[in-house]
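Comments concern the structure below.
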Amino acid sequence: MRVFPHAAIWTESKRRETLPLRKFNRRNTDTVKLSNSEFRDWPNKCVTLLGMSGVGKTRLSCLLREDHWFHYSGDYRIGTRYLDEPILDNIKQQAMQVPFLRDLLRSDSIFIRNNISVDHLKPVSSFLGKFGNPELGGLNLVEYKRRQALHLQAEIAAMLDVPEFIHKAHDIYGYEHFINDAGGSVCELDNQQVLEVLAENTLILYIEATKEDEKVLIERAERSPKPMYYRESFLDEQLAIYMQERELAFPSLIDPDDFVRWSFPRLFYARIPRYQAIAEHYGYTVSTREIAEVNSAADFTTLIEEAIKRS
């Protein structure tokens, strides 16, 4: 798997001494854990939140931002740094189909730019798109996989940028603590370097959905199917099953929204053991019920201490 050259940023950041990063007690060469006393004594706490979209990662991150935590959004970094040009190209391609806009664009009379924010990431999901019938707004399989691959590499790069942004948050902006609001597909990257970088520089906290919240998330996806990232092997496998069940001869006949509705529960349950494996090996687990009860930074640190005790 090709990785963006931003691993060099991580290597350089480890040589810096301006911000004391987390110091771990390594119980063995494969596991990174720490005690509650080590967590309390950690002067510049850095936490990575993992979990499916909708489990409360961004709500919690925004809450912490009000209490002197720097909010690093993986999806925001992807959209503004690594997919900015592809996103704009996609928008321009759509605009060029309108004669009035085409003439203005070709004469440089107007320009198009993204207006992505932490709270408004629609340009990213719009670029990712949905697979299926083009008459229903779907993408053909080749283009869809191309965009999926671009997103994969962008997410890897965004996560490898975390150590550098920890330093920026402290040195430039003066924040004491750092929260990495990671995308829901981080568990699907299959990139060992990403996990090692996150575990070395942050405490990894997996937000596990309760059975009640699992149902809510699946029902939400059914009501409003949104673009998703799929591992290519998972996509190929599920696509074959879907077409057989729907008795479709060609992928171009797939209803994009129907495929998302059908595949989301399968994707959801396929990701759970991946999240669990990361948490068991590198971090800690809390539930969506516990996260919902967090109303301050103090509540959050108390919850982490409870998670450390349980581990």
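Which is the longest stretch in the chain that no exposed loop site breaks, taking sites as GluC sites (Glu not before Pro) with a DSSP loop state and at most 11 other Cβ atoms within 10 Å?
Values: sites that count: GLU17, GLU66, GLU247, GLU293.
With GluC sites (Glu not before Pro) excluded where exposed in loops, the chain gives 67-246 as its longest stretch.
Considering the dipole of the chain built from charges on the beta carbon (Lys and Arg +1, Asp and Glu -1) around the Cα centre, which of SER37, LEU105, ASN295 is farthest to its positive end?
Of the options given, the answer is SER37.
Given GLY74, LEU205, GLN192, which one lies farthest toward the positive end of the charge dipole of the chain, if we put +1 on the Cβ of every Lys and Arg and -1 on the Cβ of every Asp and Glu?
With unit charges placed on the Cβ atoms, the residue in question is GLN192.
Excluding same-chain residues fewer than 8 positions from LYS226, which aspartates and glutamates have a Cα within less than 14 Å of its Cα?
Answer for LYS226, where 14 Å is the Cα cut-off: ASP255, ASP257, ASP258, listed by chain and number.
If the convex hull of the alpha-carbon atoms of the chain is projected onto planes in all directions, what is the mean projected area in square nanometres? Each step should come with its number before you reach the end.
Values: hull surface 72.0 nm².
Spelled out: convex hull of the Cα atoms, projected over all directions, averaged, 18.0 nm².
Give me the extension gain from SER296 to ARG113: residue separation times 0.36 nm, minus the current Cα-Cα distance, reported in nm with one decimal. Walk me through the numbers before you get to the answer.
On the way: separation 183, 0.36 × 183 = 65.88 nm, distance 3.56 nm.
62.3 nm is the gain from fully extending SER296 to ARG113.
How much length is gained if the chain between GLU196 and TYR173 is pulled fully straight, taking 0.36 nm per residue apart and subtracting their Cα-Cα distance, in nm to one decimal?
On the way: separation 23, 0.36 × 23 = 8.28 nm, distance 2.58 nm.
Full extension from GLU196 to TYR173 adds 5.7 nm.
Taking the 0 to 90 degree range and rounding to the nearest ten, how far is the long axis of helix 232-246 tilted relative to the main principal axis of the chain, both from C-alpha atoms?
50 degrees
For the stretch 83-124, which trypsin sites (Lys or Arg not before Pro) are in a loop by DSSP, counting at most 15 other Cβ atoms within 10 Å? Could you put the intermediate results ahead of the total?
On the way: sites: LYS92, ARG102, ARG106, ARG113; in loops: ARG113.
Here the sparse-neighbourhood loop sites are ARG113.
Distance cut-off 20 Å, Cα to Cα: go down the list LYS57/LYS122; LYS92/LYS130; LYS33/LYS309; LYS45/LYS211 and report the pairs above it.
Working: LYS57/LYS122 17 Å; LYS92/LYS130 18 Å; LYS33/LYS309 11 Å; LYS45/LYS211 30 Å.
Distance filter (> 20 Å) returns LYS45/LYS211.
Are there chymotrypsin sites (Phe, Trp or Tyr not before Pro) in the stretch 249-296 that DSSP marks as loop and that have at most 16 other Cβ atoms within 10 Å, and which are they? Could you put the intermediate results ahead of the total?
Details: sites: PHE259, TRP262, PHE268, TYR269, TYR275, TYR282, TYR284; in loops: none.
Here no chymotrypsin sites (Phe, Trp or Tyr not before Pro) fit, given the DSSP loop and packing criteria.
No value in this document is a laboratory result; all are computed from the given coordinates. All values reported here derive from a predicted model rather than from experimental measurement. Positions of Cβ are generated from backbone atoms using ideal geometry, with glycine treated the same way; all protein chains shown enter the neighbour counts.
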